[in-house]
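Peer 1: One structure, as structure tokens, below. Some questions next.
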Amino acid sequence: MEEWQVRLKPIATVKNGLSEKPEDWDKVRSKLVFKEEYVEGLYRLGHFKHVWVIFGFHKLRGWLPKVHPRHDPSLPLVGVFATRSPTRPNRLGLTLVELVSIKGNMVTVKGLDALDGSPVYDIKPYEDEIDY
């Protein structure tokens, strides 16, 4: 099978002042600062209460085939693809977040588990009919 290469360009950057994992990601508010060329694509996004954010774990290096869920060593090892662990081969994160506001090129969300400076590759609205 031929390997298929994908090149991702960040459309935005996470701004939340976090350089390490907080105690509770659910309380974290982050601003997604969009590059000017993508701002028009935010048109009518405000009609949704939640959005999916696809981002990069930009501070991680390497990956592990097996991990303890939630980094809890008391839990048995499982394959990384059976977890939400950030130690993945392609270092991509996917999180469903609450959409708080949109102002110009800034989208504020709540609950994004990304550190300050993380690249955002895409966002998509959460739709009950599709994302059940």
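Peer 1: Going by the conditions given, is V100 surrounded by 15 or more Cβ atoms within 10 Å (Cβ to Cβ) and in a strand (DSSP E or B)?
Peer 2: It is false that V100 is surrounded by 15 or more Cβ atoms within 10 Å (Cβ to Cβ) and in a strand (DSSP E or B).
Peer 1: Now for a different question. For residues in the range 51-90 being in contact (Cβ under 8 Å) with a residue 24 or more places away in the chain and among the aromatic types (F, W, Y), which is least open to solvent (accessible area, probe 1.4 Å)?
Peer 2: F55
Peer 1: Something else about it: Working only within the range 4-43, note down all residues that are polar (S, T, N, Q) and under 25 Å from R84 (Cβ atoms).
Peer 2: T13, N16, S19, S30
Peer 1: Here's a follow-up. Is it true that D128 is part of a loop (DSSP other than H, G, I, E, B), free of Cβ contacts under 8 Å to residues at least 40 places away in the same chain and farther than 16 Å from V39 by Cα?
Peer 2: The answer is yes for D128.
Peer 1: Given the conditions (1) open to solvent by 80 Å² or more (accessible area, probe 1.4 Å); (2) within 14 Å of P119 (Cβ to Cβ), which single one is not true for I11?
Peer 2: With (1) open to solvent by 80 Å² or more (accessible area, probe 1.4 Å); (2) within 14 Å of P119 (Cβ to Cβ) applied to I11, the lone miss is (1).
Peer 1: May I pose another question? Take L45 and decide whether it is farther than 19 Å from P22 by Cα, touching a helix residue (DSSP H, G or I) at 6+ places or on another chain (Cβ under 7 Å) and of a type in the set (A, V, I, L, M).
Peer 2: So L45 does not fit the description; no.
Peer 1: Which condition from (1) at pLDDT 95 or above; (2) out of contact with any Pro (no Cβ under 7 Å at 6 or more places or on another chain); (3) hydrophobic (A, V, I, L, M, F, W, C) is the one that L45 breaks?
Peer 2: L45 satisfies all of (1) at pLDDT 95 or above; (2) out of contact with any Pro (no Cβ under 7 Å at 6 or more places or on another chain); (3) hydrophobic (A, V, I, L, M, F, W, C) except (2).
Peer 1: Just for the range 20-34: of the residues that are open to solvent by 80 Å² or more (accessible area, probe 1.4 Å) and more than 21 Å from Y121 (Cβ to Cβ), which one is modelled with the lowest pLDDT?
Peer 2: The residue in question is E23.
Peer 1: Return the pairs, sorted by first residue and then second, in which the second residue is modelled with pLDDT under 95 and open to solvent by 50 Å² or more (accessible area, probe 1.4 Å), the first residue lies in the range 101-116 and is under 22 Å from P22 (Cα atoms) and of a type in the set (K, R), the beta carbons are less than 9 Å apart, and the residues are 6+ apart or on different chains.
Peer 2: K110/D26; K110/K27
The values are calculated or read from the model by the stated rules, or taken from the named source; none is laboratory data. The shown structure was predicted, so the numbers you read here are calculated from the model rather than taken from an experiment. No Cβ is skipped: glycine too gets one built from the backbone with ideal geometry, and neighbour counts run over all protein chains shown. SASA here: full protein model, heavy atoms, side chains in, ligands and nucleic acids out. Shrake-Rupley method; radii C 1.70, N 1.55, O 1.52, S 1.80 Å.
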